[in-house]
1. Output the residue which, of all residues in segment 187-203 that are within 16 Å of Arg143 (Cβ to Cβ) and in a loop (DSSP other than H, G, I, E, B), is modelled with the highest pLDDT.
2. Taking Gly184, is it surrounded by 15 or more Cβ atoms within 10 Å (Cβ to Cβ) and modelled with pLDDT under 95?
3. Which number in (1) buried (at least 20 other Cβ atoms within 10 Å of the Cβ); (2) among the aliphatic types (A, V, I, L, M); (3) touching a Lys or Arg at 6+ places or on another chain (Cβ under 6 Å) marks the one condition that Leu104 misses?
4. What's the total number of residues in segment 71-105 that are in a loop (DSSP other than H, G, I, E, B) and over 21 Å from the mean Cα position of the chain (by Cα)?
5. When you go through Tyr192, Tyr202, Tyr173 one by one, which is the residue that is more than 16 Å from the chain's Cα centre (by Cα), among the aromatic types (Phe, Trp, Tyr) and under 20 Å from Phe69 (Cα atoms)?
6. Output the residue which, of all residues in segment 142-160 that are farther than 20 Å from Thr97 by Cβ and at pLDDT 95 or above, is surrounded by the fewest Cβ atoms within 10 Å (Cβ to Cβ).
7. Suppose we filter segment 109-125 for residues that are closer than 15 Å to Asp75 by Cβ and not in a loop (DSSP other than H, G, I, E, B); how many remain?
Amino acid sequence: MSAALTLNWKVAANRSGVRTSHIFRPLPVQRGFAAFALLLAPAAASPALAQTGAQGQADAIVLRPLSFFKVNDLDFGSIIASGSAGTVRIAPDGTRTRTGGATLVGNDGEPSRFAGLGTPNRQVNISLGSNSIWITGPGQRMRVRDFEIGSTPTATLSTAPTRFVIASALGNYNFPVGATLEVGANQAPGDYAGTFTITLNYL
C-alpha cells in the first residue's frame, strides 16, 4: 500500500529581508483550540488585594494516520545585496551562511519544516517537484537551489525520490529542509516570492 501527499511550500525574499508568511493550514490536520483561565487569588489574610484573572490559549494538533503537513515556510532572513553576486544558505539546522557580495543582517531566517504521522519503521520516498525554483519580485528573479533535508545524515533532495525510514517508536516525524538562495549583483530591494513542491510517498 502506498499513499502520496504533495505540498506546495512558500519561499519569499526581500533584498533587505528574505521573508515568508509562516502560514500553515495543512489539509490532513485537524486543529483544536481550548481556552483556559488562570485566576490569581489573594491570600485570605490580605483582604485589601483584589482578585485578578488572565486568559490563555491552548493549541493542539491532532494527526491523522499517514499524514504529512507543513509547519513553516523557508525564510532566508535579512540580506543586503552589493555590486557582486552572492549566495545565502540556510542549513537544515538553521545555520545561515553567505558567499560573495551577499551580507547577512541580524539573526533571523529559518529552514522550512514539516511533520507527519506514519508507522514505526515504515519507508517513505521524498522528492521535489523541481530541483530549483525562481522567486520573483521587483528586480531580477532569484534562484533557490540545493534543497537539503535534515535527516541523519543530511541529504540533498531532488526530483528523484530519496528513501527514508521513520525511526520514531510512535511513527511520528518532524524534520527541516534548507536551501541556497542566489542573490544577484545590485539585487533590487523589495519582496520576492515563489513556491516549491515536495511529495512524500508512504511505501
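1. Here the answer is Gln187.
2. Numbers: surrounded by 15 or more Cβ atoms within 10 Å (Cβ to Cβ): yes; modelled with pLDDT under 95: no.
Considered against the rule, which asks whether it is surrounded by 15 or more Cβ atoms within 10 Å (Cβ to Cβ) and modelled with pLDDT under 95, Gly184 comes out as no.
3. For Leu104, the failing item is (1).
4. As a first pass, look at segment 71-105 and keep what is in a loop (DSSP other than H, G, I, E, B): 73, 76, 81-85, 91-95, 101-102.
Filter once more, so that each one left must be over 21 Å from the mean Cα position of the chain (by Cα): 81-85, 101-102.
Residues flagged as in a loop (DSSP other than H, G, I, E, B) and over 21 Å from the mean Cα position of the chain (by Cα) within segment 71-105 amount to 7.
5. Numbers: Tyr192 fails: under 20 Å from Phe69 (Cα atoms); Tyr173 fails: more than 16 Å from the chain's Cα centre (by Cα).
Answer to the check: Tyr202.
6. Filtering first and then ranking leaves Ala160.
7. Looking only at segment 109-125, we keep the residues that are closer than 15 Å to Asp75 by Cβ, and these are 109-114.
Right, trim to not in a loop (DSSP other than H, G, I, E, B) and you get 110, 112-114.
Qualifying residue count, segment 109-125: 4.
A quick yes/no check of all residues on (1) assigned to a strand (DSSP E or B); (2) of a type in the set (A, V, I, L, M, F, W, C):
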residue	(1), (2)
Phe69	yes, yes
Asn107	no, no
Ser127	yes, no
Trp134	yes, yes
Arg145	yes, no
Thr159	no, no
Phe164	yes, yes
Asn174	yes, no
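The values are calculated or read from the model by the stated rules, or taken from the named source; none is laboratory data. Owing to the predicted nature of the structure, the values given are computational and were not obtained by experimental measurement. Counting neighbours? That spans all protein chains shown, and the Cβs are built from the backbone with ideal geometry, glycine included.
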